Amino acid sequence: MNRIEGRVKVTGLATYAAEYPVEDVTYAFPVQSQIAKGRVRHVDAQDALAMPGVLAVLSGEDPPPLASGADGELALFQSREVAYRGQIVAAVVADTYENARAAAAVVRVDYDSDDHDVSLRADHPGLYKPDHVNPAYPTDSEKGDIEAGLARAASVVDVVYETPVLHNNPMEPHAALACWDDEGGLLVYDTAQGTTLSRDTLAQVFGLPKERVRVVSRHVGGGFGSKGTTRPQAVLAAMAARVVGRPVKIVLTRQQMYDVTGYRTPTIQRLRLGADAEGRLTALEHVVYEQTSTLEEFAEQTATPTRIMYAAPALRTAHRLVRLDVATPSWMRAPGECPGMYALESAMDELAYALGMDPVELRVVNEPETEPDRGLPFSSRNLVGCLREGARRFGWEHRDPTPGVRRDGEWLVGTGVAASTYPARRRPSKARAVVEDDGDFLVQVAAADIGTGARTALTRIAAEALGVAPERVHVELGDSDLPEAPVAGGSMGTASWGSAIVRACEELKSDGKEGLADTTEEVQGDAAFSRHAFGAQFAEVRVSSVTGEVRVPRLLGVFAAGRIVDPKLARSQFIGGMTMGMGMGLMEETLTDEEFGGFLRRDLAQYHVPACADVPDVEAFWLDERDAELNPMASKGIGEIGIVGTAAAIGNAVYHATGHRVRELPITPDKILMPRF
Ligand code: MOS
């Protein structure tokens, strides 16, 4: 299907959070901390208040009240402590955006500044073991004897891989428009991946009953996780609107987004792999070091994919965190799996070379019967099928594994492979389906379409459940007044909302007028399976022996992701993920400012992402898989698996091209050329 909202989007008629026409609107602009750690001693708003159009300056001097217990990133102005450079410490509200911004520049903030620590190290004395890692996995896992497994191995790989701070860059910046009504009810147009969750969060932060809060996000211009939880702009807009008694609009600048809308934690990952002469793993250990803030704990689940990938009699994973004077890390596409599989799949490639074995065959030899960690059966797997089909389509068969020997003028040419995985979960959701006056069908669910095509996919699911043409189904989403639904996140959206829609449509068919569904019981009754999508990623690279630049003439992925609801939408998700994975492999990196705290490279001039010219040939295919254990559609989520493994496939191809192993992302020209000097 084509996107239902395609026409309104390309004609500029789709309304995003900051674009709702609201009378008497005012504008807020944040003031951000200039220090990385310490306290705000005093905020002098006098000059700002004298500027044209200024209505208020908010700060910790006279903090507008919030309910206690709010997330540290959302409890604006409630404490004078500064947790990181760039934290919001004040805000100006004015009649225009320009006036608010100009006045924010003259708000004077005095600080008592302490020494800060913003550097992640694997030997940091502050490292600790969190209670669990996101969203609720055990922090560590241990099975068998790693040391014994390594001792009896024919080949051992013991390596450290590192990934940098990464930032989501949705095209639509984080924005919010808040209005209070005369009865104290709050309406927020927000950039949210889930309006139910955002409503609940805002209700909690402002101490309101849920019924008094409404969040609307009809169109969202990308999120990737950065809009998965409520971000400060929504709280600030609502707080400021209450203070000035008028609607308040906030649009964060790209630079402010880097500071306050979350990022992927940097990781340091040590992998120890041992295998016998046939390539069967005798030991697999994955230990991860990563950061969180002093405000909140965010424990990325980086080593969790290692628990399900390969059969190994000894398998150990561990996560250690350190609290630094940084913003709290947050969700970024395929949190955990993406950085974790980069390291694991790179190390597997190293093991293949150590054994003199084909990397596809090494993975096939280590295919487990059941989930290695918990022993659960897989609801479906098909990783081997993806590897085989990918190898066939990519032309892997005649590959000479020798590194650094294929030359085309100044270019060294190589190919690489990596596996991919992402959990296939679902969560309880509600939905409503009714017959409209004209005989068409209206389907309502507080789902979010963050640019993925969810609105279109859900229309197709409803049409199939009702047995009617998609043109006769209208899906309404993006509003917390609709039946409650989980976020567009964790690749769970379509599975969760779709389950509820199918049930609502079934009820409508028997009832004739209305179907209401709540899948809480159904989801709680889901049988114990290891539920994951899998994939295989293949990359060809050309590395300039003169400049060290890496080009990627070909990317090819094959996925086992259950029944594909709509091929056009699915292909777009897969190749979008793969392209983002290529950015991770070669370009993306936010530098931490060691001296002053906060981040350097806070815009798209310096934080590079692939453009169309960087991906001349990216192809996604899928196996014909139907996983009836998962949901009525037999589908798996596809929003995140595409990014998993791409960076490893590219890194492995760079090794094959050059004979040089880069273990630190991104693979930039300096890291290719440096070893030669
Ligand atoms: Mo995605 S990081 O689960 O929004």
Residue selected from segment 148-181 under the condition charged (D, E, K, R) and in contact (Cβ under 8 Å) with a residue 60 or more places away in the chain, by the criterion surrounded by the most Cβ atoms within 10 Å (Cβ to Cβ): E172
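Looking at segment 438-445, is at least one residue within 16 Å of the ligand (Cβ to nearest atom) and under 23 Å from the mean Cα position of the chain (by Cα)?
From segment 438-445, those within 16 Å of the ligand (Cβ to nearest atom) are none; that's our starting set.
Looking through segment 438-445, none of the residues is within 16 Å of the ligand (Cβ to nearest atom) and under 23 Å from the mean Cα position of the chain (by Cα).
Within segment 312-332, identify whether any single residue is within 20 Å of A649 (Cβ to Cβ) and touching a residue at least 60 places away in the same chain (Cβ under 8 Å), and answer yes or no.
Residues of segment 312-332 within 20 Å of A649 (Cβ to Cβ): 332.
Keeping just the survivors that are touching a residue at least 60 places away in the same chain (Cβ under 8 Å) gives 332.
Yes: segment 312-332 contains one or more residues that are within 20 Å of A649 (Cβ to Cβ) and touching a residue at least 60 places away in the same chain (Cβ under 8 Å).
Yes/no per residue for (1) under 22 Å from E98 (Cβ atoms); (2) modelled with pLDDT of 95 or more; (3) within 16 Å of the ligand (Cβ to nearest atom); (4) out of contact with any Leu (no Cβ under 8 Å at 6 or more places or on another chain):
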site	(1), (2), (3), (4)
V213	no, yes, no, no
H219	no, yes, no, yes
K227	no, yes, yes, yes
T230	no, yes, yes, no
M257	yes, yes, yes, yes
A275	no, yes, no, no
Would you confirm whether any residue within segment 191-203 is touching a helix residue (DSSP H, G or I) at 6+ places or on another chain (Cβ under 9 Å), of a type in the set (D, E) and modelled with pLDDT of 95 or more? yes
From the residues in segment 34-84 that are among the charged types (D, E, K, R) and part of a loop (DSSP other than H, G, I, E, B), which one is nearest to K249 (Cα to Cα)? E73
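How many residues are among the small types (G, A, S), under 18 Å from T370 (Cα atoms) and surrounded by fewer than 23 Cβ atoms within 10 Å (Cβ to Cβ) if we restrict to segment 304-323? Talk me through it step by step, then tell me what you get.
So the first thing to find is which residues in segment 304-323 are among the small types (G, A, S), and the list is 311-312, 314, 318.
Now restrict to residues that are under 18 Å from T370 (Cα atoms): 311-312, 314.
When the remaining residues are screened for being surrounded by fewer than 23 Cβ atoms within 10 Å (Cβ to Cβ), the result is 311, 314.
The qualifying residues number 2.
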Identify, by number, the condition in (1) away from the ligand (no atom under 14 Å from the Cβ); (2) hydrophobic (A, V, I, L, M, F, W, C); (3) in contact with a Gly (Cβ under 7 Å, 6 or more places away or on another chain); (4) more than 30 Å from G651 (Cα to Cα) that A234 doesn't meet. (3)
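With the condition kept exactly as written, say whether any residue in segment 615-629 is of a type in the set (F, W, Y), within 23 Å of A352 (Cα to Cα) and at pLDDT 95 or above. So that I can check it myself, show each step before the final result.
Going through segment 615-629, the residues of a type in the set (F, W, Y) turn out to be 621-622.
Narrowing the set further to residues that are within 23 Å of A352 (Cα to Cα) leaves none.
Scanning segment 615-629, I find no residue that is of a type in the set (F, W, Y), within 23 Å of A352 (Cα to Cα) and at pLDDT 95 or above, so the answer is no.
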In segment 14-50, what residues are surrounded by 19 or more Cβ atoms within 10 Å (Cβ to Cβ) and hydroxyl-bearing (S, T, Y)? Y16, T26, Y27, S33
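Out of segment 633-644, which residues are crowded, with 24+ Cβ neighbours inside 10 Å and away from the ligand (no atom under 16 Å from the Cβ)?
Going residue by residue through segment 633-644, those that are crowded, with 24+ Cβ neighbours inside 10 Å are 633, 635-644.
Of everything in segment 633-644, those that are crowded, with 24+ Cβ neighbours inside 10 Å and away from the ligand (no atom under 16 Å from the Cβ) turn out to be M633, S635.
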Note on segment 478-514: residues assigned to a loop (DSSP other than H, G, I, E, B) and within 16 Å of the ligand (Cβ to nearest atom) are G478, A485, P486, V487, A488, G489, G490, S491, M492
Pick out the one residue from R426, R407 that is within 16 Å of the ligand (Cβ to nearest atom) and more than 25 Å from G6 (Cβ to Cβ). R426
Hits in segment 335-375 (condition: hydroxyl-bearing (S, T, Y), within 16 Å of the ligand (Cβ to nearest atom) and in contact with a Pro (Cβ under 9 Å, 6 or more places away or on another chain)): none
Selection from segment 422-472 of residues β-branched (V, I, T), buried (at least 21 other Cβ atoms within 10 Å of the Cβ) and either without any contact (Cβ under 8 Å) to a residue 40 or more places away in the chain or over 24 Å from F529 (Cβ atoms) (or both) yields V443, V445, I450, T452, T456, T459
Hey, among the residues in segment 192-211 that are in contact (Cβ under 8 Å) with a residue 60 or more places away in the chain and within 22 Å of F77 (Cα to Cα), which one's farthest from the ligand (Cβ to nearest atom)? G207
For P329, state whether it is closer than 30 Å to I88 by Cα and within 16 Å of the ligand (Cβ to nearest atom). yes
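For segment 56-80, which residues satisfy the criterion of being small (G, A, S) and within 14 Å of A91 (Cα to Cα)?
A56, S59, G60, A75
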Under 6 Å between Cβ atoms, at least 6 apart or on separate chains: pull out the pairs that start in segment 218-241 with a residue that is surrounded by 24 or more Cβ atoms within 10 Å (Cβ to Cβ) and end on any residue that is assigned to a helix (DSSP H, G or I) and of a type outside the set (F, W, Y). T230/S198; T230/T201; P232/V260; V235/V205
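The values are calculated or read from the model by the stated rules, or taken from the named source; none is laboratory data. Here the structure is a predicted model, which means the values were calculated and not measured. Virtual Cβ from ideal backbone geometry, glycine too; neighbours counted across all protein chains shown.
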